[in-house]
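Encoded as structure tokens, the structure appears first; notes follow it.
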Amino acid sequence: MLTKVIEQAKIDHFTKWFERADKIVIVSHVSPDGDAIGSSLGLYHFLNSQEKTVNVIVPNAFPDFLRWMPGSKDILLYDRYKDFADKLIAEADVICCLDFNALKRIDDMADAVAAAPARKIMIDHHLYPEEFCKIVMSYPKISSTSELIFRLICRMGYFSDITKEGAECIYTGMMTDTGGFTYNSNNREIYFIISELLSKGIDKDDIYRKVYNTYSESRLRLMGYVLSNMTVYPDCNSALITLTKAEQSKFNYIKGDSEGFVNIPLSIKNVCFSCFLREDTEKPMIKISLRSVGTFPCNQLAAEFFNGGGHLNASGGEFFGTMEEAKAVFEKALEKYKPLLTSKS
């Protein structure tokens with residue numbers, strides 16, 4: 001059995017919206033990851049089964065390794081079909097904001113969503129939600145937004161209506177947001193949910209292969225190149241990897257090719273903190289990815305030095321400047337956090 005994480009009053013409130021709504025739009029954050037797409041499509045399949053008119057809209061493209069997911073072909077990319085997307089957003093009865101908690105996280109879509117007369121609900125698991133939704137289901141202790149979608153559907157009394165396709169999407173989101181259940185995944189209820197998803201007929205081994213073992217040759221060579229240039233900081237139990245735009249071009253980089261790179265240095269003995277700096281291909285900035293093991297607070301460092309945030313062991317941020325300047329900021333952060341990084345506890 002699952003504990004009742006979501007307050008009953010919020011379940012009842014959303015159920016009333018759901019029963020009255022015809023047109024529902026689901027939106028998620030810029031550069032959508034597995035949890036953004038998994039939670040969005042998980043909810044999409046459920047709402048479709050209830051004969052609602054449902055559209056999923058994301059700010060820009062998502063990685064190729066998620067394109068196998070049922071329903072992914074129906075996702076609307078805002079940066080390509082802005083006028084049509086704006087119309088859908090403006091005409092929606094309900095807008096479901098998934099896996100983000102601040103309007104800036106949906107980039108150019110923010111104005112349209114903010115101005116829409118629709119009732120808005122946030123379903124998310126990041127710290128410090130902003131106030132732009134009437135219903136806020138925000139639970140940072142939960143492993144993924146996809147897990148919250150499962151909990152919501154079940155609490156509404158519709159477990160039997162979760163299809164195999166919806167279950168595949170929810171599982172993918174849960175799997176990718178915990179690094180294949182290697183961090184933020186010690187809650188036994190996660191595995192109860194997995195068993196329930198398996199009862200829907202999903203093949204979790206096949207899902208793992210589709211997400212993690214279908215990369216291109218050039219992606220594998222890129223990984224080798226990035227690791228060959230890795231910097232290790234033994235005095236801080238940390239490691240840094242970087243990737244410039246020129247290097248991405250050299251290896252025919254496509255969105256998602258560097259997914260998971262930031263986790264690799266954590267396999268080095270004694271390294272408990274890893275940073276990946278990547279020049280963005282769409283905007284003049286550097287994307288920051290941070291991962292840790294144990295109790296080192298990635299999110300605290302991300303907020304203080306890189307205008308970011310996230311979870312204890314998995315966070316991100318942005319830096320506007322050169323790669324060398326970003327490295328200097330990272331090394332400054334290491335100095336400040338050295339006592340925590342070298343603590344034995």
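The values are calculated or read from the model by the stated rules, or taken from the named source; none is laboratory data. Not measured: the values here are computed from a predicted model. Heads up, the Cβs are rebuilt from the backbone with ideal geometry, glycines too, and the neighbour counts pull from every protein chain shown. We work out accessible area using only protein heavy atoms, side chains counted, and drop any ligands, DNA or RNA first. Shrake-Rupley method; radii C 1.70, N 1.55, O 1.52, S 1.80 Å.
Quick look at the values:
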| quantity | calculated |
| --- | --- |
| Unmet criterion (only one of (1) within 15 Å of the chain's Cα centre (by Cα); (2) closer than 17 Å to D124 by Cβ; (3) surrounded by 22 or more Cβ atoms within 10 Å (Cβ to Cβ)) for L66 | (2) |
| Elements of type strands (runs of 3 or more DSSP E) in segment 45-132, at least 1 residues being acidic (D, E) | 119-124 |
| Total residues in segment 172-181, condition in contact (Cβ under 8 Å) with a residue 60 or more places away in the chain, open to solvent by 10 Å² or more (accessible area, probe 1.4 Å) and either in a helix (DSSP H, G or I) or out of contact with any Asp or Glu (no Cβ under 6 Å at 6 or more places or on another chain) (or both) | 2 |
| Test: residue in segment 44-57 that is open to solvent by less than 20 Å² (accessible area, probe 1.4 Å) and under 19 Å from the mean Cα position of the chain (by Cα) | yes |
| Filter result (in contact with a strand residue (DSSP E or B) (Cβ under 8 Å, 6 or more places away or on another chain) and among the aliphatic types (A, V, I, L, M)) within segment 228-272 | M230, V232, A239, L240, I241, L243, V262, I264, L266, I268, V271 |
| Failed criterion for G201 (all others in (1) at negative phi; (2) touching a helix residue (DSSP H, G or I) at 6+ places or on another chain (Cβ under 6 Å); (3) not β-branched (V, I, T) hold) | (1) |
| Test: residue in segment 210-222 that is β-branched (V, I, T), farther than 24 Å from V54 by Cα and not in a loop (DSSP other than H, G, I, E, B) | yes |
| Odd one out for H13, checked against (1) open to solvent by 60 Å² or more (accessible area, probe 1.4 Å); (2) farther than 20 Å from I142 by Cβ; (3) not in a loop (DSSP other than H, G, I, E, B) | (2) |
| Segment 54-81 residues that are more than 21 Å from Y215 (Cα to Cα), paired with ones that are basic (K, R) (beta carbon under 9 Å, 6 or more apart) | V54/K23; N55/K23; P59/R105 |
| Hits in segment 226-238 (condition: surrounded by 14 or more Cβ atoms within 10 Å (Cβ to Cβ) and in a helix (DSSP H, G or I)) | V226, C236 |
| Residue satisfying condition, being in a loop (DSSP other than H, G, I, E, B), in contact with an Asp or Glu (Cβ under 9 Å, 6 or more places away or on another chain) and surrounded by 13 or more Cβ atoms within 10 Å (Cβ to Cβ), within set E247, E259 | E259 |
| Failed item in (1) buried (at least 19 other Cβ atoms within 10 Å of the Cβ); (2) touching a Leu at 6+ places or on another chain (Cβ under 8 Å), with N313 passing the rest | (2) |
| Any chance I241 is open to solvent by 10 Å² or more (accessible area, probe 1.4 Å), outside any loop (DSSP other than H, G, I, E, B) and free of Cβ contacts under 8 Å to residues at least 60 places away in the same chain | no |
